[in-house]
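Report on one structure; see the data block that follows.
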Amino acid sequence: MSGANYYKTITISECVPPCINCIGSFAPEAGKYVLGAWVKEGTIYNPNVLTYLNPQINIDFPATGNPAGPFSSASVGPFFAEGSIIDGWQRIETIFDIPSSATYINLQLKCTSGDCFFDDIRIFPEDGSMKSYVYDPVTLRLVAELDERNYATLYEYDEEGKLVRVKKETEKGIMTIKENKNSSTKRQ
């Protein structure tokens, strides 16, 4: 269903029993934050499209845990994709303020028409940096590392599990930065 709004509320509660070495619940403080995400329109990439207009992200701050409000301050956004389209994906990156009155935060992933896909959504303080890691669920090998600008370094392995290629996502596309060729002589 395109154009529909879907709400998924994730509640982070305290550990029971309390965990001495754990980080507390996520509760951002007021200030400037970076929102980063990758978006894609449709299922087939059209090289004639220079920017995606349908995927957008809005942020609001409800006064209670109810995503429908009431709201403690005005919403921010919509935020749109900008820059180059890389392998069918375009990046949203923006700085926004979390007001001091905010007790909750809602991200609204919206598609104004057709099908939209959202990936690698991250929020972190403007004066901070963030790296993310992606592992293959079967082999548990590192397959990607996302840097502070949300660009990926991709790792490819052969059948034996040896690293054979490292690629880097850049504003000009994906570039191979390292490649290993391994061979062994066969005994007769």
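The numbers here are math on the coordinates, done by the rules we state, and not lab data. Since the structure is predicted, the reported quantities are computational estimates derived from the model, not experimental observations. Positions of Cβ are backbone-derived with ideal geometry, glycine not excepted, and every protein chain shown enters the neighbour counts.
Relative to the Cα centre, what is the charge dipole magnitude of the stretch 29-128, using +1 at the beta carbon of each Lys and Arg, -1 at the beta carbon of each Asp and Glu, and rounding to the nearest 20 debye?
180
Once label points are set 7 Å from the Cα along Cα→Cβ at both residue 170 and residue 29, what is their separation, rounded to one decimal in nm?
Taking the two extended label points, one gets 3.8 nm.
Work through the residues other than residue 76 whose Cβ is under 10 Å from its Cβ and net out their charges, Lys, Arg +1 and Asp, Glu -1.
Net charge around residue 76: -2.
Figure the gain on full extension for residue 142 and residue 45 (residue separation times 0.36 nm, minus the Cα-Cα span) and round it to one decimal in nm.
Numbers: separation 97, 0.36 × 97 = 34.92 nm, distance 2.69 nm.
Taking 0.36 nm per residue and subtracting the Cα distance, the gain is 32.2 nm.
Considering the dipole of the stretch 77-150 built from charges on the beta carbon (Lys and Arg +1, Asp and Glu -1) around the Cα centre, which of 81, 100, 146 is farthest to its positive end?
100
Among residues other than residue 32 whose Cβ falls under 13 Å from its Cβ, what is the net charge (Lys/Arg +1, Asp/Glu -1)?
Here the charged neighbours net out to -4.
Sort 178, 40 so that the residue with the fewest other Cβ atoms within 10 Å of its own Cβ comes first and the one with the most comes last.
In increasing order of surrounding Cβ atoms, one gets 178, 40.
To one decimal place, what orientation-averaged projected area in nm² is obtained for the convex hull of the Cα set of the stretch 31-117?
Over every viewing direction, the Cα hull of the stretch 31-117 projects on average to 5.9 nm².
Residue-wise, which Karplus ³J(HN,Hα) couplings in Hz belong to the stretch 50-63, taking 6.51 cos²θ - 1.76 cosθ + 1.60, θ = phi - 60°, and x for glycine or proline?
Taking θ as phi minus 60°, the curve returns 9, 7, 8, 9, 7, x, 8, 10, 10, 10, 9, 10, x, 7 Hz for the stretch 50-63.
Quick check for me: using +1 on Lys/Arg Cβ and -1 on Asp/Glu Cβ, what's the dipole size of the stretch 131-188 about its Cα centre, in debye to the nearest 20?
320
Gain in length, residue 131 to residue 63, computed as 0.36 nm per residue apart minus the alpha-carbon separation, to one decimal in nm?
Contour length minus the Cα-Cα distance gives 21.4 nm.
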